[in-house]
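Participant: I am attaching a structure below and will ask some questions about it afterwards.
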Amino acid sequence: MRYGVWNNKGGVGKSFLSFVLATEYARANPKMSVVVADMCPQANLSEIILGGNGAGSKALAGLIKGRQTIGGYFDSRITSPHALTGTESGFLIHAPTYNASAPKNLWLIAGDPSLELQAQVINQISAQTLPADAWKSVHSWLLDLLLACSKKLGDKTTVSFIDCNPSFSAYTELSMMASERIIVPCSSDGSSARAIDNVGSLLYGLGTQTYSQGFASKAKAFGMPLPMIHSVLLNRSTQYNKKASKAFGAMFDEIKDRTNAMLKSAPQYFVNKKATFAEIPDNHSVAIVCSHLGRPLYSMTPGSYPVHDENPQINKDPLDRYKEHVESFLSSL
């Protein structure tokens, strides 16, 4: 299964969530191979997986320079847009090679800032009239890469997580075409509520006047299936007595209402034709420490940790609560 983690709104914690889900899933399923594709030009997720601030940043810089990144693969596809290059599995990075804290079965396709520059070229090639399926070929680049990597690691034992950029640019379109399911993280604000409507319009063409060049229309024309919504994840909620606070709960109710409205109009885009929601509480200092050190959630214990010139404290109750909710959500994957 290939999961895309995407919301049209930024700042909802997609990258850290992708890190947590991938590493926790890898730990819980040691016989599986877990591949993380970093499709954000910022490549924050790659830096975390490669060892965090400092070591991870240095390792990522080396991979970018050597073009062993998603940008490097797209470089090769720009010169061979309609055929596999045969080098696909060479872009797999074994995470423990760089980060001893990473699960042994975790693999990375590293992010690359050049995605921003490549987006325009991707659009130009996919708009060509010859060959007739140019749009399909180009929008399959990431899928081609993930399928080749999955074949190398074992088709039946590979799960992929794709960290998607908020903008619905060319590389996000490729991410959607490579995803079978999407997880939509939301924070407690009006922008996240509106972003639910944006998911419907940008990805599925809902609530907009359909036109021949629209993403959903083009995918349908070429027989390319769109990913279904696995769940809407209510992220970073402040909780009291194991429930979201009234303020957070009120906004989450609005997000649920908009999701259910989309379900009513287009149930075919939801797994099992139902809307599934999950809550992940505020991670407090956990995200800062895990990201800085490149440490998976399961390895964290209460205590203080060095982050630059500070030593933030991770307390037992919020850590246990966060782990509990993550474990509950993982059981749905």
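Participant: Specify which of the listed residues (Ser76, Ser89) is of a type in the set (S, T, N, Q), touching a Cys at 6+ places or on another chain (Cβ under 9 Å) and over 24 Å from Pro296 (Cβ atoms). Step through it out loud before you land on a result.
Facilitator: Values: Ser76 fails: touching a Cys at 6+ places or on another chain (Cβ under 9 Å).
Unique residue meeting the criteria: Ser89.
Participant: If the requirement is being over 22 Å from Asn283 (Cβ atoms), open to solvent by less than 40 Å² (accessible area, probe 1.4 Å) and part of a loop (DSSP other than H, G, I, E, B), which of these qualifies: Pro30, Pro81?
Facilitator: On the way: Pro30 fails: open to solvent by less than 40 Å² (accessible area, probe 1.4 Å).
Checking each option against the conditions leaves just Pro81.
Participant: Here's a follow-up. Quick one: Ser76 ticks every box in (1) open to solvent by 50 Å² or more (accessible area, probe 1.4 Å); (2) free of Cβ contacts under 8 Å to residues at least 24 places away in the same chain; (3) not aromatic (Phe, Trp, Tyr) bar one, so which box is it?
Facilitator: It is condition (1) that Ser76 fails.
Participant: Any residue in the range 5-33 that is over 15 Å from Tyr322 (Cα atoms) sitting within a Cβ distance under 8 Å of a residue that is open to solvent by 40 Å² or more (accessible area, probe 1.4 Å) and small (Gly, Ala, Ser)? List the pairs, counting only those 6 or more apart or interchain.
Facilitator: Short answer, once both residue conditions are applied: Asn8/Ser167; Lys9/Ser191.
Participant: Might you check whether a residue that is among the β-branched types (Val, Ile, Thr) and over 21 Å from the mean Cα position of the chain (by Cα) occurs anywhere in the range 87-101? Give the derivation first.
Facilitator: Restricting attention to the range 87-101, the residues satisfying the condition of being among the β-branched types (Val, Ile, Thr) are 87, 93, 97.
This time we only want the ones that are over 21 Å from the mean Cα position of the chain (by Cα), so: 87, 97.
Yes, that holds for at least one residue.
Participant: Quickly run through the range 164-209 and pick out the residues that are crowded, with 24+ Cβ neighbours inside 10 Å, in a helix (DSSP H, G or I), touching a Lys or Arg at 6+ places or on another chain (Cβ under 6 Å) and not aliphatic (A, V, I, L, M).
Facilitator: Ser192
Participant: In addition: Identify all residues within the range 33-59 that are open to solvent by 50 Å² or more (accessible area, probe 1.4 Å) and in contact with a Ser or Thr (Cβ under 9 Å, 6 or more places away or on another chain); write none if there are none.
Facilitator: Gln42, Asn44, Asn53
Participant: Please determine, by comparing only the residues of the range 210-228 that are among the hydroxyl-bearing types (Ser, Thr, Tyr) and at pLDDT below 85, which one is most open to solvent (accessible area, probe 1.4 Å).
Facilitator: So the first thing to find is which residues in the range 210-228 are among the hydroxyl-bearing types (Ser, Thr, Tyr), and the list is 210-212, 217.
In the following step, the residues that additionally are at pLDDT below 85 were identified as 210-212.
Working: Thr210: 102, Tyr211: 139, Ser212: 86 Å².
The selected residue is Tyr211.
Participant: Sort through Lys156, Lys152 and tell me the only one that's of a type in the set (D, E, K, R) and either in contact (Cβ under 8 Å) with a residue 12 or more places away in the chain or in a loop (DSSP other than H, G, I, E, B) (or both).
Facilitator: Testing whether each residue is of a type in the set (D, E, K, R) and either in contact (Cβ under 8 Å) with a residue 12 or more places away in the chain or in a loop (DSSP other than H, G, I, E, B) (or both) leaves just Lys152.
Participant: Moving on. Out of all the residues in the range 290-321, which are touching a strand residue (DSSP E or B) at 6+ places or on another chain (Cβ under 6 Å) and surrounded by 17 or more Cβ atoms within 10 Å (Cβ to Cβ)? Full working, then the answer.
Facilitator: Filtering the range 290-321 for residues touching a strand residue (DSSP E or B) at 6+ places or on another chain (Cβ under 6 Å) gives 292, 302, 304, 311, 313, 321.
Once the filter is applied, which keeps residues that are touching a strand residue (DSSP E or B) at 6+ places or on another chain (Cβ under 6 Å) and surrounded by 17 or more Cβ atoms within 10 Å (Cβ to Cβ), the range 290-321 yields His292, Arg321.
Participant: Looking only at the range 38-67, which residues are in a loop (DSSP other than H, G, I, E, B) and touching a strand residue (DSSP E or B) at 6+ places or on another chain (Cβ under 9 Å)? Break it down into steps so the answer makes sense when it comes.
Facilitator: Within the range 38-67, the subset in a loop (DSSP other than H, G, I, E, B) is 40-43, 50-54, 66-67.
Passing the criteria: Cys40, Leu50, Asn53.
Participant: Can you tell me how many residues in the range 89-123 are part of a strand (DSSP E or B) and either among the aliphatic types (A, V, I, L, M) or touching a residue at least 40 places away in the same chain (Cβ under 8 Å) (or both)?
Facilitator: Step one: filter the range 89-123 for residues part of a strand (DSSP E or B), giving 93-94, 106-109.
If we keep only those that are either among the aliphatic types (A, V, I, L, M) or touching a residue at least 40 places away in the same chain (Cβ under 8 Å) (or both) too, we end up with 93, 106-109.
Of the residues in that region, 5 qualify.
Participant: Search the range 77-98 for residues being among the polar types (S, T, N, Q) and in contact with a Lys or Arg (Cβ under 9 Å, 6 or more places away or on another chain), and hand back the single one that is nearest to Lys136 (Cα to Cα).
Facilitator: Within the range 77-98, the subset among the polar types (S, T, N, Q) is 79-80, 85, 87, 89, 97.
Filter again for in contact with a Lys or Arg (Cβ under 9 Å, 6 or more places away or on another chain), leaving 85, 89.
Values: Thr85: 17, Ser89: 21 Å.
Checked the range 77-98; the qualifying residue nearest to Lys136 (Cα to Cα) is Thr85.
Participant: Would you check which residues across the range 232-264 are in contact with a helix residue (DSSP H, G or I) (Cβ under 8 Å, 6 or more places away or on another chain) and either modelled with pLDDT of 80 or more or in a helix (DSSP H, G or I) (or both) and list them?
Facilitator: Within the range 232-264, Val232, Leu233, Leu234, Asn235, Met251, Glu254, Ile255, Arg258, Thr259, Met262, Leu263 meet the criteria.
The values are calculated or read from the model by the stated rules, or taken from the named source; none is laboratory data. Source: prediction; values computed, not measured. All Cβ positions, glycine included, derive from the backbone under ideal geometry; neighbour counts span all protein chains shown. Keep in mind that these areas ignore ligands, DNA and RNA; they rest on the heavy atoms of the full protein, side chains included. Shrake-Rupley method; radii C 1.70, N 1.55, O 1.52, S 1.80 Å.
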